[in-house]
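Notes follow the structure.
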Amino acid sequence: MLIEILILTTLSLIIIAIYYWNLYQHPIIRLLMTEPSRLLSEIPLEKLAKTKLLLQRTNYLDKVLVENDIDCLDIAIKFINTSDEVRYEIISNKLNCKTEPSINSEVFKLNLCSTFPLGLVGCLLYFPAKNLTVTSIISKLKQEFIFSNVIIITLKPNQQSKLRSYGKDLSTRWIVPSNQELATLLLHPDPICIFTELLANQLARKLISPYQTEGGIIKEVVFFWTRRIVSSHFKP
């Protein structure tokens, strides 16, 4: 009987040891234990819930959150499984914007604060329906929002991957954040800084410069000052 108990105890200890060895060898844990700051740059939206669970199991969650000055992990996790209206409210709160009634079930107006560093007073948030084709989304944008700066937020991988090329095309007025960029925006202690970079990367400079772009100021001067605004806002 005693031998059986010893065998069972030994097997239990071996199983526990294997479990914790595998847990601490998980790529996310290995990454964040050595470089906690990479939570802000390398963990996309869809992996945040799993990351939180892993960090809790290793008793490392509080340390990672404190080192990154993060107090909104649960809100970022909530973003992926909530309504578009709640997503709009979350983004508005992060950017210190007042919420307004939706333009329709998919489109919301984002009024940027008066201290926003770029030359924009507002833009639209568009949450396309999951069943829409990319062709239908582009057609809607061209027909209804041709003169508006539109942030297209979709968490459907197929939609997002195909729309990304339109966001990177500076001839459009469309911004298409990736799941990683959304996670960074929602987690970062300075979300306005992250939002500024997102706009600067996906909009033509003439649309975001707070300086005069014609009537005597040459393009090179505008380019210089826009770069200076963006870079100065990112100084640590």
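Of the residues making up region 55-70, those that are under 21 Å from the mean Cα position of the chain (by Cα) and in contact (Cβ under 8 Å) with a residue 12 or more places away in the chain number 6.
Mind listing just one residue for me: the one in region 10-31 that is at pLDDT 90 or above and exposed (fewer than 10 other Cβ atoms within 10 Å of the Cβ) and, of those, nearest to Asn59 (Cα to Cα)? Even if it seems obvious, please write down each step before you answer.
Within region 10-31, the subset at pLDDT 90 or above is 25-31.
Now narrow it down to the ones that are exposed (fewer than 10 other Cβ atoms within 10 Å of the Cβ): 25, 27.
Numbers: Gln25: 14, Pro27: 16 Å.
Top of the filtered list is Gln25.
Does Leu141 satisfy being assigned by TED's automatic domain parsing to the domain that holds Asn179, assigned to a loop (DSSP other than H, G, I, E, B) and either at positive phi or out of contact with any His (no Cβ under 8 Å at 6 or more places or on another chain) (or both)? Criteria not met by Leu141. Every test in (1) outside the structural domain of Cys193 (by TED's automatic domain parsing); (2) surrounded by fewer than 18 Cβ atoms within 10 Å (Cβ to Cβ); (3) within 20 Å of Thr196 (Cα to Cα); (4) of a type in the set (Gly, Ala, Ser) is passed by Ala49 save one, and that test is (3).
Tell me the residue from Pro101, Pro128 that is of a type outside the set (Ser, Thr, Tyr), free of Cβ contacts under 8 Å to residues at least 12 places away in the same chain and assigned by TED's automatic domain parsing to the domain that holds Asn179, please.
Unique residue meeting the criteria: Pro101.
Phe147 passes every criterion in (1) at pLDDT below 90; (2) assigned to a helix (DSSP H, G or I); (3) surrounded by fewer than 13 Cβ atoms within 10 Å (Cβ to Cβ) apart from (2).
Please verify whether Val86 is at pLDDT 95 or above, within 16 Å of the chain's Cα centre (by Cα) and surrounded by 11 or more Cβ atoms within 10 Å (Cβ to Cβ), treating the condition exactly as stated.
Details: at pLDDT 95 or above: yes; within 16 Å of the chain's Cα centre (by Cα): yes; surrounded by 11 or more Cβ atoms within 10 Å (Cβ to Cβ): yes.
So Val86 fits the description; yes.
Check off (1) touching a strand residue (DSSP E or B) at 6+ places or on another chain (Cβ under 9 Å); (2) at pLDDT below 95; (3) among the basic types (Lys, Arg) for Lys130 and give me the number that stays unchecked. Going through the list (1) touching a strand residue (DSSP E or B) at 6+ places or on another chain (Cβ under 9 Å); (2) at pLDDT below 95; (3) among the basic types (Lys, Arg), Lys130 breaks only (1). Which residue out of Leu39, Leu8, Leu65 is farther than 30 Å from Lys130 by Cβ and touching a Leu at 6+ places or on another chain (Cβ under 8 Å)? Residue meeting the stated conditions: Leu65. Of the residues making up region 28-46, not a single one is touching a strand residue (DSSP E or B) at 6+ places or on another chain (Cβ under 8 Å) and assigned to a helix (DSSP H, G or I). Checked against the criteria, Tyr60 does not count as buried (at least 18 other Cβ atoms within 10 Å of the Cβ), among the hydroxyl-bearing types (Ser, Thr, Tyr) and touching a helix residue (DSSP H, G or I) at 6+ places or on another chain (Cβ under 8 Å).
Does Thr154 satisfy the criteria of being of a type in the set (Val, Ile, Thr) and either farther than 24 Å from Ala76 by Cβ or surrounded by fewer than 20 Cβ atoms within 10 Å (Cβ to Cβ) (or both)? Walk me through how you get there before you give the answer.
Details: of a type in the set (Val, Ile, Thr): yes; either farther than 24 Å from Ala76 by Cβ or surrounded by fewer than 20 Cβ atoms within 10 Å (Cβ to Cβ) (or both): no.
In short, no.
Has region 161-171 got any residue that is surrounded by 15 or more Cβ atoms within 10 Å (Cβ to Cβ) and not in a helix (DSSP H, G or I)? No: zero hits. Within region 80-96, work out how many residues are touching a Phe, Trp or Tyr at 6+ places or on another chain (Cβ under 8 Å) and outside any helix (DSSP H, G or I). Residues that pass the stated criteria total 1. Farther than 30 Å from Asn149 by Cβ and out of contact with any Cys (no Cβ under 8 Å at 6 or more places or on another chain), is that true of Lys63? Yes.
The values are calculated or read from the model by the stated rules, or taken from the named source; none is laboratory data. Fair warning: this is a prediction, and the values are worked out from it, not measured in the lab. Don't worry about glycine lacking a Cβ; one is built from the backbone with ideal geometry, like all the others, and counts go over all protein chains shown.
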